[in-house]
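Trainee: Let me give you the structure first, and then I'll get to my questions.
The values are calculated or read from the model by the stated rules, or taken from the named source; none is laboratory data. The shown structure was predicted, so the numbers you read here are calculated from the model rather than taken from an experiment. Positions of Cβ are backbone-derived with ideal geometry, glycine not excepted, and every protein chain shown enters the neighbour counts. The protein model used for the area step is the full one, side chains on, heavy atoms only, and it has no ligands, DNA or RNA in it. Shrake-Rupley method; radii C 1.70, N 1.55, O 1.52, S 1.80 Å.
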Amino acid sequence: MSSVVVVGTQWGDEGKGKIVDILTGHADVIVRFQGGNNAGHTLVVGGEKFIFHLIPSGILYEDKLCLIGNGVVLDPAVLIEELERLKDKGMDISTKRLRISQNAHIIMPYHRALDYAKEASKSHGKKIGTTGRGIGPCYEDKASRCGIRMADLVDSNVFREKLEENIREKNFILTEFLKASPLDAGAIYNEYMGYAERLVNFMDNISIVVDEARKAGKNILFEGAQGAQLDIDHGTYPFVTSSNTIAGSACTGTGIGPSKIDAVVGVCKAYTTRVGAGPFPTELNDDIGARLQKKGVEFGATTGRRRRCGWLDGVVLQDAVRLNGLDYLAITKLDVLSGIDPIKICTSYEVNGHRRLAMPVNINEIEAATPVYQGCKGWHEELKGARSLDDMPKAALDYIKTIEEIAGIPTMLVSVGPSREETILVKNPFERS
Ligand code: GDP
Ligand code: IMO
Ligand code: MG
């Protein structure tokens, strides 16, 4: 029995969905614990592509239990749509296979409206470039203690009362401050009562479900969303998301204690991408950046936006190792680097004449950071066919070794393509060494 957390080490989109799908083969229970449908996790199985925003990426295995913890902000329409899409593909997800926390906060239409209107009201340079899914405003309400939770859907009177209280305040802000249109409480009530009917049987106390699974000797896999540099506390604030994206969030976002986590895996793309606004020291606005974007097919899985691309950033990686207590790396998209020679890795920043080994806290300092690079020899062979480390050219193995040296931890998996088969599993993190 083991509990393993998988998190993103960069600005999201590292390939967490694929890694979770692979590790689900060794797990019994898969849990999402933070974020919401700002996440877009892609799996390619049997030549077919699946993108999950809310449902854990373990759902394609029929005998596994998937859980959505209290730390997730849940848009019921999106969840129902994901369930419907799976049904269209012949997977009718029963309440035995998916359980949702009663404590999870619900994304309401006014959260989306506020997300859009707040972004629209910001001047150029101040826009965060959110996914527009209402994530920030929903977490704001959670912290303000006026949020509506899944359990509130069960009692229509409680739901109506909370909705009416909220809508008075939100409509005031929307119309008077943000000059946006007001929303109608009656229409929202009817819409959400429909969702309640569909979802009520999925609700559970996820803390207890996880605890019982653990006591029954099950392997539990925690699926992070976003990445360490998007963490509300530790990321490149204010250009971050509104939740803690680091491994500790697996505990608060499901209701288990930190002593029950056995290993933490950090997913690290072999280069760096960022979607949305905010500082990105190793960004490449040149042919190499364009090449990474094209070969890596770097478009956001949620919004379709073009992802910004750059060299691997060792400062970002070392932050992720420390913040998450990483035990292992899963290196993804190594295949995308074939044909680029030399390859560079940033090992520190030069900020106003000082050498920095950690991401500065002040946004002006991050923007002033000049990356200091180490050159690595590239390779020309395509890697997609590699099924063991022995199939790799020496330069690719040396690149992996350099990443391990910078991170100070070993690699448990190397991914050389989007599909399940294009994977080299070096070490199963559920097996204690
Ligand atoms: P996530 O948000 O961390 O789950 O990552 P996304 O799904 O948003 O983005 C990762 C993208 O890279 C997806 O399109 C994956 O199918 C793809 N991908 C994952 N691993 C690899 C890999 O090793 N090589 C290539 N070429 N693509 C990969
Ligand atoms: P996955 O799980 C990449 C980014 C947005 C924006 C910022 C805030 O697929 O890796 P939000 O809507 O959360 O308020 O937006 O965070 N962002 C992501 N970027 N991958 C994600 O998730 C992201 N989720 C949010 O682009 O810059
Ligand atoms: Mg993604």
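Trainee: Roll a 1.4 Å probe over the protein heavy atoms and report the accessible area of VAL372 in Å², nearest 10.
Mentor: Rounded to the nearest 10, that gives 50 Å².
Trainee: List residues of the stretch 328-351, by number, whose backbone nitrogen lies under 17 Å from a label position 7 Å along Cα→C-beta of ASP287.
Mentor: Answer for the stretch 328-351: 337-344.
Trainee: If I compute solvent accessible area with a 1.4 Å probe over the protein chains, what percent of it on the chain is carbon and sulfur? Write down the numbers at each step before the final one.
Mentor: On the way: 8800 of 17630 Å².
With neighbouring chains kept in place, the figure for the chain is 50 percent.
Trainee: Please report the accessible area of ASP327 (heavy atoms, 1.4 Å probe, ligands and nucleic acids excluded) in Å², nearest 10.
Mentor: Around 60 Å² of this residue is reachable by solvent.
Trainee: Now a separate question. Looking at the stretch 155-191, which trypsin sites (Lys or Arg not before Pro) are in a loop (DSSP not H, G, I, E or B) and have at most 10 other Cβ atoms within 10 Å?
Mentor: Details: sites: ARG160, LYS162, ARG168, LYS170, LYS179; in loops: LYS179.
Those satisfying the criteria are LYS179.
Trainee: Residues of the chain: accessible area per residue at 1.4 Å, in Å²? Provide the component values of the computation, followed by the final result.
Mentor: Values: 17630 Å² over 433 residues.
For the chain, the per-residue accessible area is 41 Å².
Trainee: Among LEU178, LEU383, LEU221, determine the one that fluctuates most according to a GNM of the chain built with springs between C-alpha atoms less than 10 Å apart.
Mentor: Sorting by GNM fluctuation, first place goes to LEU178.
Trainee: Looking at THR131, PRO182, MET108, which one has the Cα that reaches farthest to the positive end of the dipole of the stretch 105-202 (charges on Cβ: Lys, Arg +1; Asp, Glu -1)?
Mentor: THR131
Trainee: About the Cα centre of the chain, what is the dipole size in debye to 20, counting +1 per Lys and Arg Cβ and -1 per Asp and Glu Cβ, all else neutral? Working shown, then result.
Mentor: Values: 52 positive and 56 negative charges, 59 e Å.
Dipole of the chain, to the nearest 20 debye: 280 debye.
Trainee: Bin by bin, in steps of 10 Å, what percent of the Cα pairs in the stretch 234-276 do you find, going until the bin that has the longest distance?
Mentor: 21, 43, 30, 6
Trainee: Determine which lysines satisfy two conditions relative to LYS126: a Cα distance under 20 Å, and not lying fewer than 8 residues away in the same chain.
Mentor: Correct list for LYS126: LYS118, LYS179.
Trainee: Please arrange LEU397, LEU413 by accessible surface area, largest first, computed with a 1.4 Å probe and ligands excluded. Could the numbers behind the result be given before it?
Mentor: On the way: LEU397 60, LEU413 0 Å².
The residues order as LEU397, LEU413, largest area first.
Trainee: Which one, ILE135, ILE167, ILE30, has the greatest fluctuation when you compute a Gaussian network model over the chain with C-alpha springs under 10 angstrom?
Mentor: ILE167
Trainee: Report the calculated FRET efficiency for LEU357 and GLU405 (r = Cβ-Cβ distance, R0 = 25 Å), to the nearest 0.05.
Mentor: Details: r = 14 Å, r/R0 = 0.57.
Efficiency, rounded to the nearest 0.05: 0.95.
Trainee: With a Förster radius of 35 Å, plug the Cβ-Cβ distance of LYS427 and ALA77 into 1/(1 + (r/R0)^6) and report the FRET value to the nearest 0.05. Could the numbers behind the result be given before it?
Mentor: Details: r = 40 Å, r/R0 = 1.14.
For LYS427 and ALA77, the calculated efficiency is 0.30.
Trainee: When the chain is fully extended, how far beyond the present Cα-Cα distance does ARG322 get from ASP391, taking 0.36 nm per residue of separation? Each step should come with its number before you reach the end.
Mentor: On the way: separation 69, 0.36 × 69 = 24.84 nm, distance 3.16 nm.
Contour length minus Cα-Cα distance gives 21.7 nm.
Trainee: Summing -39500 (n - 2.57) over the DSSP H runs of n ≥ 4 in the chain and dividing by its residue number, what mean residue ellipticity at 222 nm do you reach, to the nearest 500 deg cm²/dmol?
Mentor: Details: 12 runs with 130 residues, N = 433.
Rounded to the nearest 500, the figure is -9000 deg cm²/dmol.
Trainee: Using the Cα centre as the reference, give the magnitude of the dipole from point charges on the C-beta atoms of the stretch 105-202 (Lys, Arg: +1; Asp, Glu: -1; all else neutral), rounded to the nearest 20 debye.
Mentor: Charge dipole of the stretch 105-202: 500 debye, to the nearest 20.
Trainee: Let me ask another. Could you state how much accessible area THR370 has, in square angstrom rounded to the nearest 10, with a 1.4 Å probe and all protein chains kept in place?
Mentor: It works out to around 80 Å².
Trainee: Straight-line reach from LYS377: which lysines have a Cα under 22 Å away, not including same-chain ones fewer than 8 places off?
Mentor: Excluding near neighbours in sequence, the set is LYS269, LYS294, LYS295, LYS333, LYS344, LYS394, LYS401.
Trainee: Taking Cα centroids, how far is the stretch 141-164 from the stretch 1-60 in Å?
Mentor: After rounding, the separation between the Cα centres reads 29 Å.
Trainee: Which residue, GLU119, GLU82, GLU165, tops the fluctuation ranking in a GNM of the chain built on C-alpha contacts under 10 Å?
Mentor: Highest fluctuation of the listed residues: GLU165.
Trainee: Shifting gears a bit: Quick query: amide H of VAL45 versus all other amide H atoms, modeled in the peptide plane; which residues come in under 5 Å with a sequence gap of 5 or more or a different chain?
Mentor: Answer set, sorted by chain and number: PHE50.
Trainee: Round to a whole angstrom and tell me the spacing of the C-alpha centers of the stretch 398-433 and the stretch 235-277.
Mentor: Cα centres, the stretch 398-433 to the stretch 235-277: 19 Å.
Trainee: Another question about this same structure. Given an 8 Å cut-off on Cα distances and at least 6 residues of separation, report the relative contact order of the stretch 288-390 as a percent. Kindly include the intermediate steps, with their values, before the conclusion.
Mentor: Values: 132 pairs, mean separation 27.1, N = 103.
Relative CO of the stretch 288-390 lands at 26 percent.
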